[in-house]
Amino acid sequence: MSRQISKRKRKYRLFLIFALILCCIGIYILGLKRLNNRIPDQINILVGKEEVLSLGIPMEAELNTEDIKVVQTDTKRLPANTIHLNLNEPVILESSKTGSYEMILKLFGIFEFKKISLDVIESMEVIPCGMPIGITMETDGILVLGTGTIAGADGINYEPAINLLKTGDYIHKVNGQQINRKEELIAAIQKNSLEPIHLQVDRDGKEIDIEIQPVKSTAGDYKIGAWIRDDSQGIGTLTFVTSNGKFGALGHGITDVDTGGLIQICGGTIYDAQIVSIVKGKSGEPGELSGYILKSEDHKLGVVNHNTGQGVFGSLGSWGQTYEWLGTKRTPVEIGLRQQVKVGPAKILSNVSGILEEYEIEIEEINLGSNNLNKGMVIKITDQRLLNLTGGIVQGMSGSPILQNDKLIGAVTHVFVKDAARGYGIFIENMLQMLD
């Protein structure tokens, strides 16, 4: 009997030891993950200006360069060729010329933990906007939304494109001819109805060739059984314009509602937009701005060149460069680098009331890691005027500029579904990097 009790105790101890080891491993992994989120993958500093880097992490780093002056808080200058940094204390960086460098972070000063890209960039001033805009975009090729069944003229149902075309494909060529409009594809199908058509398709970045036999429908025309789209449009918020007439908007890319993928574009246009109503956001139901795009030459503001994960970018037209459409002349401001962003009060610019106004917000969390480039900040709307008007962050407000200490630091990107007053923001650096 005593032996059985002893065995049970032994098994119980082993179980406790095993559980303790698992807990320690879990805590260690979570600790490293949390530490990694506090460390940016890239740090920008402005040329000719001192930048205080206050990461406050228990790590050391090595920086191999003669171009950057580094001073610790004790003002002791370190060797210029191989610089050892204590990142648990503030570090002052300064460079007289632009360039890219690598900083190697070491855990306990021994084990390599992470590499950080340190870029010295030119100082930049931009005009924060906050105005609603209408965006129209043409897809780069014909976007396939899915495949379907065709009722044939012979009374039989056909699915000619099934297992050949897939949702998210982009059709670029038909029988060797480049196409961009769905009317061109339809015309090519009718013209070559008795023979299989040859399609060149972009699928996940790879070009593939597909052959499909059109089917005569009960209406008498020929079809290949694919749902397609060649354009997209919507309303968002303009984040900033630069002195040379470039713009950034939204802070996130425009995705197709059917495929969920980022839309590949060959061009687009931004126009004035008129907000006519606001659906308030509430828990579980994101609100939205409802309006219409003033799609005419008189209200055309510029052209869209890129649709990226960090926003929509392009150039203003000659009329748009006068900035008259901002409603009021705005003063350019400096950009705030991600390491300068602090938890605490900030403001957003928005025109949801019909007047461009500043609204109070609170920056609650900062994520310097790059797990998601347009979710670098967690923000909360605290201004009662905006809460009364919209309930918080609503669809259409994406791109609203975020300012802190009179610097443009980012833009609103997402709303929390369960709490309309809270959402995410992108660092302005991530948007500016996509301008070109």
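The values are calculated or read from the model by the stated rules, or taken from the named source; none is laboratory data. Please read all numbers here as calculations on a predicted model, not as lab measurements. Heads up, the Cβs are rebuilt from the backbone with ideal geometry, glycines too, and the neighbour counts pull from every protein chain shown. Remember, those area values only see protein heavy atoms, side chains included, never the ligands or the DNA or RNA. Shrake-Rupley method; radii C 1.70, N 1.55, O 1.52, S 1.80 Å.
Quick rundown of the values:
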| read-out | value |
| --- | --- |
| Residue among 251, 314 that is touching a residue at least 60 places away in the same chain (Cβ under 8 Å), buried (at least 18 other Cβ atoms within 10 Å of the Cβ), under 17 Å from the mean Cα position of the chain (by Cα) and part of a loop (DSSP other than H, G, I, E, B) | 251 |
| Strands (runs of 3 or more DSSP E) wholly inside segment 328-436 containing at least 3 residues that are touching an Asp or Glu at 6+ places or on another chain (Cβ under 8 Å) and touching a residue at least 60 places away in the same chain (Cβ under 8 Å) | 344-350 |
| Flag for residue 302 being part of a loop (DSSP other than H, G, I, E, B), touching a Leu at 6+ places or on another chain (Cβ under 7 Å) and free of Cβ contacts under 8 Å to residues at least 60 places away in the same chain | no |
| For residue 259: the one exception among (1) in a strand (DSSP E or B); (2) within 18 Å of residue 172 (Cα to Cα); (3) open to solvent by 30 Å² or more (accessible area, probe 1.4 Å); (4) not aromatic (Phe, Trp, Tyr) | (1) |
| Any hit, segment 171-182, residues being open to solvent by less than 60 Å² (accessible area, probe 1.4 Å) and under 17 Å from residue 259 (Cα atoms) | yes |
| All positions within segment 290-311 that are surrounded by 19 or more Cβ atoms within 10 Å (Cβ to Cβ) and among the small types (Gly, Ala, Ser) | 302, 311 |
| Cross-chain or 6+ apart pairs with Cβ under 6 Å, segment 106-133 first and in contact (Cβ under 8 Å) with a residue 12 or more places away in the chain and within 30 Å of residue 275 (Cβ to Cβ), then outside any strand (DSSP E or B) and open to solvent by 20 Å² or more (accessible area, probe 1.4 Å) | 125/332; 127/330; 127/332; 130/351; 130/356; 131/351; 132/351 |
| Qualifying positions in segment 414-436 - open to solvent by 40 Å² or more (accessible area, probe 1.4 Å) and within 20 Å of residue 127 (Cβ to Cβ) | 433, 434, 436 |
| Positions within segment 201-215 being open to solvent by 60 Å² or more (accessible area, probe 1.4 Å) and under 22 Å from residue 138 (Cα atoms), in sequence order | 204, 205, 206, 207 |
| Among (1) touching a residue at least 24 places away in the same chain (Cβ under 8 Å); (2) crowded, with 16+ Cβ neighbours inside 10 Å - the single one residue 188 does not satisfy | (1) |
| Matching residues in segment 145-190 - criterion: being in contact with a strand residue (DSSP E or B) (Cβ under 7 Å, 6 or more places away or on another chain) and of a type in the set (Val, Ile, Thr) | 147, 149, 150, 162, 167, 171, 174, 179, 189 |
| Residue ID - farthest from residue 144 (Cα to Cα), chosen from residues in segment 266-285 that are of a type outside the set (Ser, Thr, Tyr) and crowded, with 20+ Cβ neighbours inside 10 Å | 281 |
| Segment 349-383 - residue that is among the polar types (S, T, N, Q) and either surrounded by 20 or more Cβ atoms within 10 Å (Cβ to Cβ) or modelled with pLDDT under 95 (or both) and, of those, farthest from residue 56 (Cα to Cα) | 353 |
| Candidates 27, 21, filtered to the one that is over 27 Å from the mean Cα position of the chain (by Cα), more than 30 Å from residue 407 (Cβ to Cβ) and at pLDDT 75 or above | 21 |
| Of all residues in segment 212-248 being free of Cβ contacts under 8 Å to residues at least 40 places away in the same chain and of a type outside the set (Phe, Trp, Tyr), the one that is farthest from residue 308 (Cα to Cα) | 219 |
| When residues of segment 108-161 are limited to those that are closer than 30 Å to residue 334 by Cβ and of a type in the set (Asp, Glu), the one surrounded by the fewest Cβ atoms within 10 Å (Cβ to Cβ) | 122 |
| All positions within segment 397-413 that are touching a strand residue (DSSP E or B) at 6+ places or on another chain (Cβ under 6 Å) and either farther than 17 Å from residue 130 by Cβ or open to solvent by less than 10 Å² (accessible area, probe 1.4 Å) (or both) | 397, 399, 400, 401, 402, 408, 409, 410, 411, 412, 413 |
| Filter result (over 16 Å from residue 173 (Cα atoms), open to solvent by 20 Å² or more (accessible area, probe 1.4 Å) and part of a strand (DSSP E or B)) within segment 216-230 | 216, 222, 223, 227 |
